[in-house]
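K.L.:
Just passing along the structure, written as C-alpha cells.
The values are calculated or read from the model by the stated rules, or taken from the named source; none is laboratory data. Keep in mind the model is a prediction, meaning the values are calculated, not measured. A quick note on method: Cβ atoms are made from the backbone with ideal geometry, for glycine too, and the neighbour counts reach across all protein chains shown.
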Amino acid sequence: MSASAEALPLPARRTGLRRSLAFARRNVLTVYAILVFAYLLVPITVVVAFSFNHPAGRFNYVWQGFTFDNWRYWDAVPGLRSALTVSLEVALLASLIATALGTLIALALVRYRFRGRSTTNLLVFLPMATPEIVLGASLLTLFLTIDQAQGFNTILIAHIMFDISFVVVTVKARLISFDRHLEEAAMDLGANELTTFMRVTLPLIAPAILAGALLAFALSVDDFVITNFVAGTTVTFPLFVWGAARVGAPPQVNVIGTAIFVVAVALMLTNILVQNHRAKGDA
Amino acid sequence: MTFLHRHRWLTPYLLLVPGLAWLAVFFVVPLGFLAHQSLESGTIEFGYAFTWAWHNYADAITTYHTQLVRSLEYAGIATVAALLLSYPLAYWIAFRGGRWKNLYLLFIIGPFFVTYLIRTLAWETILSDQGVVVRVLRDIGVLGADGRLLATSTAVIAGITYNFLPFMALPLYVSLEQIDARMLEAAKDLYASPARTFLHVTLPLSLPGVVAGTLLTFIPAAGDFINAQLLGTPEQYMIGNVIQSKFLELTDYPAAAALSFILMAVILVLVAVYARAIGTEKLTG
C-alpha cells in the first residue's frame with residue numbers, strides 16, 4: 001500500500017489523502033455507531049469471560065486462568081440454586097397473572113369507549129413513571145401496617161403490580177393495528193362472540209400477548225430494588241448477587257448471568273431470523 | 001351471556017376490574033400509607049404515632065439536600081450523556097440499518113438481559129485499580145500515579161448512563177424510524193445542506209423520541225442507588241441510598257417516607273417544567 005503510494009506522483013497522493021479523509025467523514029457515523037456498540041458490549045464480554053475465570057481467593061476481579069469448573073459446578077455455591085428457583089417461580093407466576101390482567105385492560109382500552117378511560121390510562125402510566133425505590137418503600141409500608149409477613153407472596157404481589165403496566169403498553173401497541181373485519185367475517189359466518197374471540201381474536205393477538213409476557217418475565221427476573229424491600233428473608237437471584245457482592249461474588253454468579261443472557265438472546269435472535277425469513281417469503 | 005347482551009356498556013368495566021383493582025390496592029393504597037407514614041413521629045422502639053409531623057419534610061431537606069441535588073445532577077448528566085451516545089446510534093440504525101435493523105437493535109437490548117447487578121459489577125471489574133483501563137490511563141498520564149476511576153463520581157455517572165441507555169435509545173429509534181424518507185429528499189431537492197436538513201427536518205421530527213427517552217432515562221436514574229453503592233463511596237451517595245438505608249437498615253420510616261415523597265415531587269415538577277418547555281410548543285408547532 002505505502003510502496004504504491006510512494007510511486008505515485010505528488011498530486012495523486014494528495015487526492016488519495018483527500019479521498020481517505022472524505023471516506024472518514026462520510027463514515028464518521030458508522031465509526032461512531034461501532035464505538036457505541038463496543039461500549040454496550042464490553043461489560044457483557046467481561047461477564048462471560050469471568051464466568052470461565054479461575055479465581056485465587058474470594059475475589060473474581062482479576063483474570064487468573066481459564067477453567068470450565070464454574071460451569072460444571074455452578075451449584076457449588078450454597079444458596080444459589082434456591083435463589084434461582086425462587087426467581088424463576090416468581091417470574092413465571094407473576095408474568096402469567098400480569099399478562100392475563102394486563103391483556104384485559106389493553107382490550108378494554110383499545111376496543112371500547114367508556115367513561116374513566118383517561119383515568120385508566122393514568123393509573124396504568126403512573127407505576128412506570130414512579131421511581132422503583134418509591135414503589136418498594138410504599139409496598140413495604142403497606143405490608144408493615146397490615147402486619148403482612150414478607151416473603152414469596154409479597155414478592156409475587158409486587159412483581160405482578162409493576163409488570164401489569166408494561167404488559168398493557170406492549171399488548172395495546174399491537175392491538176391498535178388489529179383488523180376488525182376478520183371478526184366481523186367470523187360473526188357473519190355465524191360464530192357467536194365467544195367463539196369469535198377464542199377462534200379468531202385470540203390466535204391473532206397471541207404474538208402480542210406473548211411479547212408482553214416475555215417482557216414481564218424479564219423484568220421480574222431482573223428486579224432488585226422493589227424485591228429488596230418486600231422480600232423479608234426470602235432470597236431471589238438478584239438479592240443473592242447483592243449479598244454475594246459485599247464479600248466478593250463467586251464466578252458462579254457470572255455463569256448464571258451468562259446463561260440467562262444466552263437464553264434471552266437466542267430467543268430474540270430466533271424471532272428476528274423467523275421474521276426476516278417471512279419478510280423474504282412475502283417479497 | 002344474556003345479561004351481558006342486555007348490559008353491553010358493562011363489558012369494558014368487567015375487563016378492567018381485576019387489573020385496575022390490583023393497581024389500586026398495591027400501587028395507590030400503598031402510596032397513601034407512605035404519605036401517612038411520612039407525617040408520623042416516634043421511633044421504632046416506642047412505636048410511631050400520626051402527628052401531622054410536617055417537620056419531617058423540612059428536616060429531610062435540611063439534612064439531605066446534598067444527596068438530593070447530587071441525584072438530580074448525576075441523573076441529568078447521565079441523561080445528556082445517554083442522549084449524545086444513543087442519538088447517532090439510533091440514527092445510524094434507522095437510516096443505514098437496512099434489513100438487519102432488528103439485529104442491531106438486539107445489540108442494544110441484549111446487554112440488558114444480563115442482570116442489572118451483574119453488569120454493574122462488571123463495570124466494577126473494568127474500572128478497578130488492577131484493571132487495564134486504569135493502568136493505561138495512568139501510563140499515558142490522564143490519571144495520576146495513584147489516580148482511580150472506581151469510587152469517583154465519573155464512575156457512578158458512567159454506570160448510570162450505561163444502565164439506562166436502552167430507555168433512551170429505543171424511543172429515539174422508534175421516532176427516527178417513522179420519519180418519511182421523502183421529507184429528507186424534499187429538503188435535499190430544495191438545496192438544504194445536510195446540516196440544515198438535520199436541524200430543520202430530522203431533529204424536529206425526532207423530538208417526541210427525545211422527550212420520551214429523556215423522561216424514561218431521567219426518572220429511574222434520579223431514584224437509582226445501585227450504581228452509587230457499587231461504583232462509588234458515601235461521597236457519591238444519592239437520595240436513593242439514603243431512602244434505602246433509612247428504610248431497611250435504620251428503620252427510620254417517617255424520614256424515609258418523607259424523602260420518597262420529596263423525590264417524587266421534585267421529579268414531577270421537573271417533568272412538568274420540561275414538558276412545558278419542549279413538549280407542548282415545539283411538538284405541536
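K.L.:
When you check residue B:33 against the structure, is it touching a Pro at 6+ places or on another chain (Cβ under 6 Å), assigned to a helix (DSSP H, G or I), surrounded by 19 or more Cβ atoms within 10 Å (Cβ to Cβ) and of a type in the set (A, V, I, L, M, F, W, C), yes or no? Steps first, please.
P.N.:
On the way: touching a Pro at 6+ places or on another chain (Cβ under 6 Å): no; assigned to a helix (DSSP H, G or I): yes; surrounded by 19 or more Cβ atoms within 10 Å (Cβ to Cβ): yes; of a type in the set (A, V, I, L, M, F, W, C): yes.
The answer is no for residue B:33.
K.L.:
Is there any pair with a first residue in region A:61-78 that is of a type outside the set (Asp, Glu) and a second that is loosely packed, with under 15 Cβ neighbours inside 10 Å whose Cβ atoms are under 7 Å apart and which are 6 or more apart or on different chains, and what are they?
P.N.:
A:61/B:130; A:62/B:130; A:64/A:54; A:64/A:56; A:65/A:54; A:66/A:54; A:67/A:54
K.L.:
Looking only at region B:12-24, count how many residues are within 8 Å of chain A (Cβ to nearest Cβ) and either at pLDDT below 85 or under 19 Å from residue A:98 (Cβ atoms) (or both).
P.N.:
First, the residues of region B:12-24 that are within 8 Å of chain A (Cβ to nearest Cβ): B:12-13, B:15-16, B:18-20, B:22-24.
From what's left, either at pLDDT below 85 or under 19 Å from residue A:98 (Cβ atoms) (or both): B:15-16, B:18-20, B:22-24.
The number of residues fulfilling the criteria is 8.
K.L.:
Here is a further query. Could you check residue A:221 against (1) within 10 Å of another protein chain (Cβ to nearest Cβ); (2) over 14 Å from the mean Cα position of the chain (by Cα); (3) under 25 Å from residue A:168 (Cβ atoms) and say which number it fails?
P.N.:
Residue A:221 satisfies all of (1) within 10 Å of another protein chain (Cβ to nearest Cβ); (2) over 14 Å from the mean Cα position of the chain (by Cα); (3) under 25 Å from residue A:168 (Cβ atoms) except (2).
K.L.:
Filter region A:18-33 down to residues that are at pLDDT below 75 and more than 14 Å from chain B (Cβ to nearest Cβ), then give me how many there are.
P.N.:
4
K.L.:
Would it be correct to say that residue B:76 is in the same structural domain as residue B:222 (by TED's automatic domain parsing) and more than 28 Å from residue A:195 (Cα to Cα)? Lay out the reasoning, then the answer.
P.N.:
Details: in the same structural domain as residue B:222 (by TED's automatic domain parsing): yes; more than 28 Å from residue A:195 (Cα to Cα): yes.
Considered against the rule, which asks whether it is in the same structural domain as residue B:222 (by TED's automatic domain parsing) and more than 28 Å from residue A:195 (Cα to Cα), residue B:76 comes out as yes.
K.L.:
Here is a further query. In region A:126-166, what residues are acidic (Asp, Glu) and either over 25 Å from residue B:254 (Cβ atoms) or crowded, with 22+ Cβ neighbours inside 10 Å (or both)? If you could, list the steps in order and put the result at the bottom.
P.N.:
Of all residues in region A:126-166, those acidic (Asp, Glu) come to A:132, A:147, A:163.
Of everything in region A:126-166, those that are acidic (Asp, Glu) and either over 25 Å from residue B:254 (Cβ atoms) or crowded, with 22+ Cβ neighbours inside 10 Å (or both) turn out to be A:132, A:163.
K.L.:
So residue B:45 passes all but one of these: (1) out of contact with any strand residue (DSSP E or B) (no Cβ under 9 Å at 6 or more places or on another chain); (2) assigned to a helix (DSSP H, G or I); (3) more than 9 Å from chain A (Cβ to nearest Cβ). Which condition number does it fail?
P.N.:
Condition (2) is where residue B:45 drops out.
K.L.:
Hand me the list of helices (runs of 4 or more DSSP H) wholly inside region B:175-249 holding 1 or more residues that are surrounded by 14 or more Cβ atoms within 10 Å (Cβ to Cβ) and touching a Lys or Arg at 6+ places or on another chain (Cβ under 7 Å). Reasoning before the result, please.
P.N.:
Numbers: elements: B:181-189, B:194-197, B:203-223, B:226-231, B:239-248.
Hits in region B:175-249: B:194-197, B:203-223.
K.L.:
What's the total number of residues in region B:96-115 that are surrounded by fewer than 17 Cβ atoms within 10 Å (Cβ to Cβ) and touching a Ser or Thr at 6+ places or on another chain (Cβ under 9 Å)?
P.N.:
Of the residues in that region, 1 qualify.
K.L.:
If you take just the helices (runs of 4 or more DSSP H) that sit entirely in region B:81-149, which of them hold at least 2 residues that are of a type in the set (Phe, Trp, Tyr) and at pLDDT 85 or above? Please lay out each step first, then the result.
P.N.:
Numbers: elements: B:101-109, B:116-127, B:132-139.
Those helices (runs of 4 or more DSSP H) span B:101-109, B:116-127.
Table: residues versus (1) more than 8 Å from chain A (Cβ to nearest Cβ); (2) buried (at least 17 other Cβ atoms within 10 Å of the Cβ); (3) touching a residue at least 12 places away in the same chain (Cβ under 8 Å).
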{"site": "B:86", "(1), (2), (3)": "no, yes, yes"}
{"site": "B:117", "(1), (2), (3)": "no, yes, yes"}
{"site": "B:124", "(1), (2), (3)": "no, yes, yes"}
{"site": "B:148", "(1), (2), (3)": "yes, no, yes"}
{"site": "B:153", "(1), (2), (3)": "yes, yes, yes"}
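K.L.:
Any residue in region B:238-250 that's more than 7 Å from chain A (Cβ to nearest Cβ): show its pairings with residues that are crowded, with 24+ Cβ neighbours inside 10 Å and of a type in the set (D, E, K, R) at Cβ separation under 8 Å, as long as the two are six or more apart or on different chains.
P.N.:
So the pair list comes out as B:238/B:224.
K.L.:
Can you spot a residue in region A:188-201 that is farther than 30 Å from residue B:260 by Cβ, out of contact with any helix residue (DSSP H, G or I) (no Cβ under 9 Å at 6 or more places or on another chain) and within 12 Å of chain B (Cβ to nearest Cβ)? Step through it out loud before you land on a result.
P.N.:
To start, the set of residues in region A:188-201 that are farther than 30 Å from residue B:260 by Cβ comprises A:188-201.
Next, only the ones that are out of contact with any helix residue (DSSP H, G or I) (no Cβ under 9 Å at 6 or more places or on another chain) stay: A:188-190, A:192, A:194, A:198.
Adding the requirement that they be within 12 Å of chain B (Cβ to nearest Cβ) leaves A:192, A:194.
Checked against the condition, which is being farther than 30 Å from residue B:260 by Cβ, out of contact with any helix residue (DSSP H, G or I) (no Cβ under 9 Å at 6 or more places or on another chain) and within 12 Å of chain B (Cβ to nearest Cβ), region A:188-201 yields at least one hit.
K.L.:
Still on this structure, please answer the following. Within region B:239-273, take every residue that is of a type in the set (Ser, Thr, Tyr) and at pLDDT 85 or above and give me the one that is farthest from residue A:224 (Cα to Cα).
P.N.:
At the first step, the residues of region B:239-273 found to be of a type in the set (Ser, Thr, Tyr) are B:245, B:251, B:253, B:260.
Cutting the leftovers down to at pLDDT 85 or above gives us B:245, B:253, B:260.
Details: B:245: 15, B:253: 20, B:260: 18 Å.
Applying the filter and picking the extreme gives B:253.
K.L.:
With (1) without any contact (Cβ under 8 Å) to a residue 40 or more places away in the chain; (2) assigned by TED's automatic domain parsing to the domain that holds residue A:234; (3) more than 20 Å from the chain's Cα centre (by Cα) as the list, and residue A:85 as the residue in question, which single condition is left unmet?
P.N.:
(3) is the only condition that residue A:85 fails.
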